[in-house]
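Everything below concerns the one structure shown next.
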Amino acid sequence: MEQTDRMYHIGLTKEDIQGAKYAILPGDPGRVEKIASKLNNAHKIGVNREYTSYLGELDGEKVLVISTGMGGPSTAICVEELAVLGLENLIRVGTSGGMQLNVNAGDIVIALGAIRQEGTSKEYVPIEYPAIADLDLVNALKQAADELGYTNHVGTVQCKDSFYGQHDPEKMPVSYELENKWNAWIKAGALCSEMETASLYIVSSVLRIKAAAVLLVVWNQELEKRGISNNTDFDVDKEINVAIKAISNLIRGQKNE
């Protein structure tokens, strides 16, 4: 932190976030304003590198929206600095590719746990330590998805560092490893693939803050391989709506306690 207590990477101070305890984390900076528009009194509070930030309100509570960029390293940096500022509940909203044949484009996946096939989390804890979500946040996301009537799945997601290692594994010198592991994850029941959740969960666990992820399935390459009808769906409003409804339900529940 600098002399002004401004976080070096995300560019925010405690004064900027005004006591917010909840944050919604898209990967894409371009989605931050879209998410913020669904909050009350939202306004931009920062832009630095891949981190674009807005602050808004939901049911009388401040809610931060901040992008993490693509992949584990930038996600970990964001989580580290948010924790210093006092954020307690982090919900990732992202996109993913389906892996099971019943996980279709347009479905919602709520990540109960994540496969750590990425590098960032290995610099926090040994690979044997699981990347798991906070149960309260998972339950809130599940309830919200059900209330909104979205087809949803709860379970394990696969996380990797190389997008093209997933989609073009045969061109990689380690194709034998990538393809064998991909098939193993599918056999074990992994629902979908993305790039940030494992790092989010491990760093949040280490820092003792709560985290969960809700993901939109945009397509399914396993359906494509089998010549089965495989549409695409980029309606990111679905995952955003789930996150916002979940946070709203949690805030209202706490006020009624």
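Just list whichever of 21/238; 14/62; 44/245; 187/238; 14/142 have alpha carbons separated by over 19 Å in the model shown.
21/238; 44/245; 187/238; 14/142
Return the Rg/Rh value of the range 14-252, two decimal places, where both radii are evaluated on C-alpha atoms and Rh is the Kirkwood radius.
That ratio equals 0.96.
Lys and Arg at +1, Asp and Glu at -1: add these up for the other residues within a Cβ distance under 11 Å of residue 166 and post the number.
Around residue 166, the surrounding residues sum to -2.
Restricting the count to DSSP beta bridges whose residues both fall in the range 1-133, what percent are antiparallel, rounded to a multiple of 5? The partial results should precede the final answer.
Values: 14 of 22 bridges.
Within the range 1-133, antiparallel bridges account for around 65 percent of the total.
Would you mind computing, in nm to one decimal, how far apart the modelled labels at residue 254 and residue 237 are, each placed 7 Å from Cα along Cα→Cβ?
Calculated label separation equals 2.8 nm.
Run the numbers for residue 129 and residue 146: contour at 0.36 nm per residue of separation, minus the present Cα-Cα distance, in nm. Kindly include the intermediate steps, with their values, before the conclusion.
Values: separation 17, 0.36 × 17 = 6.12 nm, distance 3.05 nm.
Result for the pair: 3.1 nm of gain on full extension.
I'd like the orientation of helix 237-255 relative to the chain: the angle between its Cα long axis and the longest Cα principal axis, in ° from 0 to 90, rounded to 10.
50
All of the numbers you see were taken from the coordinates with simple rules; none came from a lab. Remember, it's a predicted structure, so these values are computed and weren't measured experimentally. When we count neighbours, we look across all protein chains shown, and the Cβ atoms used for this are built from the backbone with ideal geometry, even at glycine.
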